[in-house]
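Q: Take a look at the following structure, please.
The values are calculated or read from the model by the stated rules, or taken from the named source; none is laboratory data. It should be emphasised that the depicted structure is a prediction, and the values quoted were computed from it without experimental measurement. Glycine gets a Cβ as well: all are built from the backbone with ideal geometry, and neighbour counts include every protein chain shown. Each accessible area value is taken on the protein alone, full model and side chains, heavy atoms only, with ligands, DNA and RNA left out. Shrake-Rupley method; radii C 1.70, N 1.55, O 1.52, S 1.80 Å.
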Amino acid sequence: MQTANTAAIEEIFHLARRADHRSLRTRLHDDVTWHPAREGGWSPCTTADDVVRTLLWRADANRLRPGEMIDLGDRVLVQLRGKRLDRLGAKGFIPRLFQIVVLREGKVVSMRDYASREDAFAAAGITK
C-alpha cells in the first residue's frame, strides 16, 4: 500500500533518473543532509545542492531506485536497488543497501545509508 511518504520517495528517485534537478530540488528542504553507509567511504552531503548532485550521480552511475519501503510515520526505511551497491557501502554475498529517509511537510530532511538490514532496522527502532 502506497502512502504519501512512499510516493514522495518514489517521486524523488524518478526525478533523479530523469535528471530533473530543478524539480528534484523543490522536494528537498534547504537544510537536507545525506550520510553514507560507512564513514570515510564518501563525504556526507550537507547542502541541498550536494544532495541533488549525489542523487543525480547515483541514479545515473548506479541506477539507484527504491525497492521495498516501510513507512514509519516521519521516516521511511527503503531497501535500495541498483548496480554496484557494494561501492556505496552495501554488504553481503548479494550486496544490499538500505536507507532511512526523514520527511517533514512532504519534503526530504535527511537521508542516511546503512550497509545491512540489521543496522537500518536498529536505527529505525524496528525489532524483529
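Q: Would you tally the residues in region 28-46 being of a type in the set (Ser, Thr, Tyr) and either open to solvent by less than 60 Å² (accessible area, probe 1.4 Å) or under 16 Å from residue 9 (Cα atoms) (or both)?
A: 1
Q: Farther than 24 Å from residue 125 by Cβ and touching a residue at least 12 places away in the same chain (Cβ under 8 Å): which single residue out of 97, 80, 88, 64 fits that description?
A: That would be 64, the only listed residue that is farther than 24 Å from residue 125 by Cβ and touching a residue at least 12 places away in the same chain (Cβ under 8 Å).
Q: Just name the residue that is farthest from residue 115 (Cα to Cα) out of those in region 91-105 that are of a type outside the set (Lys, Arg), at pLDDT below 95 and open to solvent by 10 Å² or more (accessible area, probe 1.4 Å).
A: My answer is 105.
Q: For region 12-26, name all the residues that are more than 28 Å from residue 92 (Cα to Cα) and open to solvent by less than 70 Å² (accessible area, probe 1.4 Å).
A: Once the filter is applied, which keeps residues that are more than 28 Å from residue 92 (Cα to Cα) and open to solvent by less than 70 Å² (accessible area, probe 1.4 Å), region 12-26 yields 15, 19, 20, 23, 24, 25.
Q: Given the residues 58, 53, which is the only one that is of a type in the set (Lys, Arg), in a helix (DSSP H, G or I) and open to solvent by 40 Å² or more (accessible area, probe 1.4 Å)?
A: 53 is the lone residue from the list that is of a type in the set (Lys, Arg), in a helix (DSSP H, G or I) and open to solvent by 40 Å² or more (accessible area, probe 1.4 Å).
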